[in-house]
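Asker: I am attaching a structure below and will ask some questions about it afterwards.
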Amino acid sequence: MAKNVADQLVEMLVNAGIKRIYAVTGDSLNNVNDAVRREGSIQWIHVRHEEAGAYAAGAEAQLNGLACCAGSSGPGHVHLINGLYDANRSGAPVIAIASTIPSFEFGTEYFQETSTIKLFDDCSLYNQIATTPKQLPRMLQAAIQAAIQQKGVAVVGLPGDLTEQDAAEITTATQVFKSTAVVTPSADDLQQLAELIGKHHKITMFCGIGAADAHDEVVELAGKINAPVAYSFRAKMEIQYDNPNEIGMTGLLGLPAAYHSMHESDLLILLGTDFPYTPFMPTDCKIVQVEIKPERIGRRAKVDMGLHGSVKDTLAALLPLIAQKTDDSFLKAQLKVYADVKEKMQTYVDDTGKKDLIHPEFVASTINDLATADAIFTVDTGMSCVWGSRYIQATGKRKMLGSFNHGSMANAMPQAIGAALACPGRQVIALCGDGGLSMLLGDLATITQYKLPVKIIVFNNRSLGMVKLEMEVAGLPDWQTDMLNPDFAMVAQAMGIKGFTVTDPDHVKQALQEAFMYKGSALVNIMTDPNALAMPPKVEFDQVKGMTLSMTKLILSGRMDEVIDTVKGNYKHLKDLL
């Protein structure tokens, strides 16, 4: 039988190193599905929702370098969108196959017709549609190279009738080129940076995900200039471990130590970060930014010196120009602040809560203690993200994935699917909110179908916790944030997953141990305190005023019990504000 376009597509994907396609098959995608079946070496992962497939592919791409998902015709395309937005903003190399209606029906408002070019334009860095057999291989090769080298989503539109046609002779390369380059600022720029560092004594380094492969260089430079090292959430697992100068995160999920150090500095060095929260950036010190994508320089902070280069290459070239500083008074002061912060954080772990009001900080800390040294964590956006960021510690082998840039709910469970398939043999733990898990609950069945030993921990606070906090600090009484949940443990068991429900803090450790030791998939539904607050590293007066106003409105509307519960659940935070 002659090779058709669908066969050619699958062959090129296999040559590119694709191991699986996350998709829901149907109509325009059926020939691709059949080509996968006949080829035999690539796996078709039948997710229950294309959004979950896109999230899973994004997770696999972040861990292994390239992944693929697919959606058929209009609805399948639309379902992919949210997960592809997240992958693209996370810099995850994902190939998205958007099979669509027959090409001869284009422009007729045909059943399930969508314009793939318009639809995917804002969540991809390559986006084309093939309408002839000669176009497909060249477009797919371009898409693969774009995804890998530019780090993001590449979309290939594929009409259903095209997949049936005989493949054309390939006139393009059929292999992946992963060539890397050494990118450093000029010698003059490096010398200027070295001189600037030499003139300042209170220096803080702030690392983003762009510094992920530069751990040793970051630690060496910090040691030479006695600089505290702060980092973004995405960079935590890569920068925190074996780093004597680390002082934690800043930002909405961060801690006061990093914020304090950055604002006490006379020189701040930003390394590979596109940190979005400008209110957390100082404005009265010198700022240097090193960035592989120079178009990002200066858009988040008042940068005085911007350097184009990879962090690893730039620091390797800079280090020989830096003399050892002897004054470590600033560093010691910031490490003392960090030690005090960690001591206060421990008080929330030691106070475990009570029945149905288990403190989430205690839960996250216990997970950290029980998890393997090379565990992969996925965290839902919202309060689960807070507890993961503050209490899950780096080891140099652990990874943490989340919707850090796109900030979508429902990401943790489907990302765990991709992580488990990408890294068989490693422990995968999803820290889920009840709201996030509810959104894509059906894909628990995918975990069962493919026998993935994922551990799902549900921080069940019966509310949209982060939204509730946002409303309160804005002076609004929280409304329509409560959730009437099913028994997630029973739902899990109905889907073939071992389920636990924990209502007493004394039972948390045992349940987690049993779940982690269980050879298959397990879900632990933990009833956490819905009034647990996540205070930012710097509390503004307007936030205090907003919280006070919110509590007053609750009292006046007859919801005094909620005010009392909030005070009881957060007495340590509230004490610090007074």
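Asker: Report the Rg/Rh value for the chain, based on alpha-carbon coordinates and the Kirkwood definition of Rh.
Answerer: Value, to two decimals: 0.99.
Asker: In sequence order, what are the phi-derived ³J(HN,Hα) couplings for the range 314-328 according to the Karplus relation 6.51 cos²θ - 1.76 cosθ + 1.60 with θ = phi - 60°, rounded to whole Hz, with x for glycine and proline?
Answerer: Karplus values, whole Hz, x for Gly and Pro: 5, 5, 4, 6, 7, 3, x, 8, 9, 8, 5, 7, 9, 7, 10.
Asker: So what does the Cα-only Debye profile of the range 383-462 read at q = 0.24 Å⁻¹, as log10 I(q)/I(0), no solvent term?
Answerer: Taken in order of the listed q values, log10 I(q)/I(0) reads -1.29.
Asker: Next up: Order the peptides 181-187, 410-416, 307-313 from the highest to the lowest mean number of other Cβ atoms within 10 Å of their residues.
Answerer: Going from most to least packed, we get 410-416, 307-313, 181-187.
Asker: Quickly estimate the mean residue ellipticity at 222 nm for the chain, helices only: each DSSP H run with n ≥ 4 gives -39500 (n - 2.57), and the total goes over all residues, rounded to 500.
Answerer: Computed mean residue ellipticity for the chain: -12500 deg cm²/dmol.
Asker: Evaluate 2.2 N^0.38 Å with N set to the residue count of the range 187-337, then give the Cα radius of gyration divided by it. The partial results should precede the final answer.
Answerer: Working: Rg = 13.5 Å, N = 151, 2.2 N^0.38 = 14.8 Å.
Normalised Rg, Cα atoms only: 0.91.
Asker: Compute the convex hull volume of the Cα atoms of the range 104-171, divide it by the residue count, and report the result per residue in Å³ as a whole number. Intermediate values should be presented prior to the final figure.
Answerer: Working: hull volume 5.5 nm³, N = 68.
In the range 104-171, the Cα convex hull volume per residue is 80 Å³.
Asker: Between Glu514 and Lys134, what length in nm is gained on full extension when 0.36 nm per residue of separation is reduced by their alpha carbon distance?
Answerer: The span from Glu514 to Lys134 would gain 131.3 nm if fully extended.
Asker: Another question about this same structure. Can you tell me the equivalent ellipsoid semi-axes for the range 1-69? Use √(5λ) from the Cα gyration tensor, largest first, whole Å. Provide the component values of the computation, followed by the final result.
Answerer: Working: eigenvalues 83, 45, 13 Å².
So the three semi-axes of the range 1-69 are 20, 15, 8 Å.
Asker: Using each residue's phi in the range 12-25, evaluate 6.51 cos²θ - 1.76 cosθ + 1.60 at θ = phi - 60° and report the 3J(HN,Hα) Karplus result to the nearest Hz, with x for Gly and Pro.
Answerer: Each residue of the range 12-25 in turn: 5, 5, 4, 4, 7, x, 5, 9, 7, 10, 8, 6, 10, 6 Hz.
Asker: I need the calculated FRET efficiency for the pair Asp266 and Ala181, taking r as the beta carbon distance and R₀ as 30 Å, to the nearest 0.05. Please report the intermediate quantities before stating the final value.
Answerer: On the way: r = 34 Å, r/R0 = 1.13.
Between Asp266 and Ala181 the formula returns 0.35.
Asker: Now for a separate question. On a full-extension model of 0.36 nm per residue, what is the gain between Ala323 and Gln43, subtracting their alpha-carbon distance, rounded to one decimal in nm?
Answerer: On the way: separation 280, 0.36 × 280 = 100.80 nm, distance 5.37 nm.
The Ala323-Gln43 span can extend by a further 95.4 nm.
Asker: Give the distance, in whole Å, between the Cα centre of the range 71-99 and the Cα centre of the range 157-205.
Answerer: Here the two parts' Cα centres lie 22 Å apart.
Asker: Separate question: Using θ = phi - 60° and the Karplus curve 6.51 cos²θ - 1.76 cosθ + 1.60, what whole-Hz ³J(HN,Hα) does each residue of the range 182-188 get, with Gly and Pro shown as x?
Answerer: 7, 10, 10, x, 5, 4, 5
Asker: What list do you get for Ile225, Ile322, Ile239 if you sort them by fewest beta carbons within 10 Å?
Answerer: Exposure proxy ranking, most exposed first: Ile322, Ile225, Ile239.
Asker: Express in nm, to one decimal, how much length is gained between Lys302 and Ala173 on full extension, taking 0.36 nm for each residue of separation and deducting their alpha carbon distance.
Answerer: 42.0 nm
Asker: Something else: State, to one decimal in nm, how far the label point of Ala445 lies from the label point of Met345, with both points 7 Å from Cα in the Cβ direction.
Answerer: 4.0
Asker: For Arg20, list long-range residues whose amide hydrogen, built 1.01 Å from N in the peptide plane, is under 5 Å from its own amide hydrogen.
Answerer: For Arg20, the qualifying residues are Gln43, Cys68.
Asker: I've got another one for you. Treat every Asp and Glu Cβ in the range 187-337 as -1 and every Lys and Arg Cβ as +1, leave all other atoms uncharged, and give the resulting dipole magnitude about the Cα centre to the nearest 20 debye.
Answerer: With only Lys, Arg, Asp and Glu charged at Cβ, the dipole is about 420 debye.
Asker: Shifting gears a bit: Only counting other Cβ atoms within 10 Å, I'd like Glu50, Glu60, Glu343 sorted with the fewest neighbours first.
Answerer: Glu343, Glu50, Glu60
Asker: Working from the pairwise distances between different alpha carbons, so that the mean of 1/r is found and then inverted, what is the range 5-164's Kirkwood radius in Å?
Answerer: Evaluated on the range 5-164, it is 14.8 Å.
Asker: When DSSP beta bridges are limited to those with both residues in the chain, what percentage is antiparallel, rounded to the nearest 5?
Answerer: Numbers: 4 of 71 bridges.
Here the share of antiparallel DSSP bridges comes out near 5 percent.
Asker: What distance in nm separates the simple spin-label points at Lys354 and Asp122, each placed 7 Å from Cα in the Cβ direction?
Answerer: It is 4.8 nm.
Asker: Hey, another quick one. Cross-chain or 8 or more residues apart, Cα under 18 Å: how many lysine pairs in the range 385-517 fit that? Count them up, please.
Answerer: Here the count comes out as 5.
Read the figures in this text as sums done on the coordinates, not as results from a lab. Being a predicted model, the structure only gives us computed values, none of them experimental. Virtual Cβ from ideal backbone geometry, glycine too; neighbours counted across all protein chains shown.
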